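One structure is given here, and the rest of the page talks about it.
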Amino acid sequence: MMLPDWLTAAVLGLVEGATEFLPISSTGHLIIAADFLGYTGDGAKVFEIFIQLGAILAVMWFYRQKLTSVLVGLPRERSAQKFTLNLIVAFIPAAIIGLATHSYIKAHLFNPLFVAVALIIGGFIILLVERFAPAPRIHHVDDMSWKDALKVGVAQCFALIPGTSRSGSTIMGGMMFGLSRTTATEFSFFLAIPTMLAATLFDLIKHMHLLHPEDIHMMIIGFIAAFISGLVFVSMLLHYISKHTFKGFAYYRIVFGALVLWYFWP
């Protein structure tokens, strides 16, 4: 399906911003959407870096008051120091494993059929977590210990598998380790900041040679679309989970994954 460049950029940016923070795998949806729209190749690799940056800046803007208070209070406030330490601890596992496996995963696992299977399996895992997660003992991110953060960080490692979902892994992991649904979701958002910024910087350095001036307009359009949709969907998700479980996302993953299997089956 061929669309004008600007519309392709806008659609993919909207997809990135809408799915990055939902437990449905932004990577999986981008692989499928880009394939459907016929936007693949070297230019697409650089484009995805910019729309991912738009999404992460959206969550930073959404939590700008919290982040500002942490930065201002870091030299002297224990709560700010604890929050920062927790993010660092949670970030480390995926950073180490990601650096070790990045090339292999990119070369062998980034394909629609693998993503479809991961979407379906992840859907069933969400249903299991919603059924068997223990009663929450932590109801605010500031009440987390470094051990709680480390457990969530280990859970985030599963998100290195395309189609798994970074937010899905961290939120479900947090719930299994005693975080309330809202706390697990908010910590997932905060953990996305160092994780995605590091991944974006790594990919940008690696693919800088693929950036061409004629593609700048697409990067800008995609970036803006991802930023706006990211802001909208972060707010929507927090409002949604205040009254609902994640089961709806699980069913969506299973159905969508089955459709992708059917669509891309050889």
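The values are calculated or read from the model by the stated rules, or taken from the named source; none is laboratory data. Predicted model only: the values in this text are computed from it and were never measured. Note that each Cβ is placed from the backbone with ideal geometry, even for glycine, and that neighbours are counted across all protein chains shown. Accessible surface is based on the protein model in full, side chains and every heavy atom, while ligands, DNA and RNA are left aside. Shrake-Rupley method; radii C 1.70, N 1.55, O 1.52, S 1.80 Å.
Summary table
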{"item": "Test: residue in region 101-118 that is under 27 Å from Ile88 (Cβ atoms), charged (D, E, K, R), part of a helix (DSSP H, G or I) and open to solvent by less than 30 Å² (accessible area, probe 1.4 Å)", "result": "no"}
{"item": "Among (1) more than 22 Å from the chain's Cα centre (by Cα); (2) free of Cβ contacts under 8 Å to residues at least 40 places away in the same chain, the one test that His244 misses", "result": "(1)"}
{"item": "Residue match in region 197-207 (condition: open to solvent by less than 30 Å² (accessible area, probe 1.4 Å), acidic (Asp, Glu) and touching a residue at least 12 places away in the same chain (Cβ under 8 Å))", "result": "yes"}
{"item": "Residue selected from region 212-266 under the condition hydroxyl-bearing (Ser, Thr, Tyr) and surrounded by fewer than 15 Cβ atoms within 10 Å (Cβ to Cβ), by the criterion nearest to Thr40 (Cα to Cα)", "result": "Tyr263"}
{"item": "Residues satisfying the stated conditions in region 1-35, i.e. part of a loop (DSSP other than H, G, I, E, B) and without any contact (Cβ under 8 Å) to a residue 24 or more places away in the chain", "result": "Pro4"}
{"item": "Residue ID - nearest to the chain's Cα centre (by Cα), chosen from residues in region 152-186 that are over 22 Å from Arg253 (Cα atoms) and either buried (at least 23 other Cβ atoms within 10 Å of the Cβ) or of a type in the set (Val, Ile, Thr) (or both)", "result": "Gly153"}
{"item": "Residue list for region 69-95, restricted to those being in contact with a Phe, Trp or Tyr (Cβ under 7 Å, 6 or more places away or on another chain) and open to solvent by 70 Å² or more (accessible area, probe 1.4 Å)", "result": "Leu85"}
{"item": "Answer residue from region 59-77, given it is touching a helix residue (DSSP H, G or I) at 6+ places or on another chain (Cβ under 9 Å) and not in a helix (DSSP H, G or I) and is nearest to Ala225 (Cα to Cα) among those", "result": "Tyr63"}
{"item": "Every residue from region 37-58 that is out of contact with any Asp or Glu (no Cβ under 9 Å at 6 or more places or on another chain), open to solvent by 40 Å² or more (accessible area, probe 1.4 Å) and in a helix (DSSP H, G or I)", "result": "Asp42, Phe50, Leu53, Leu57"}
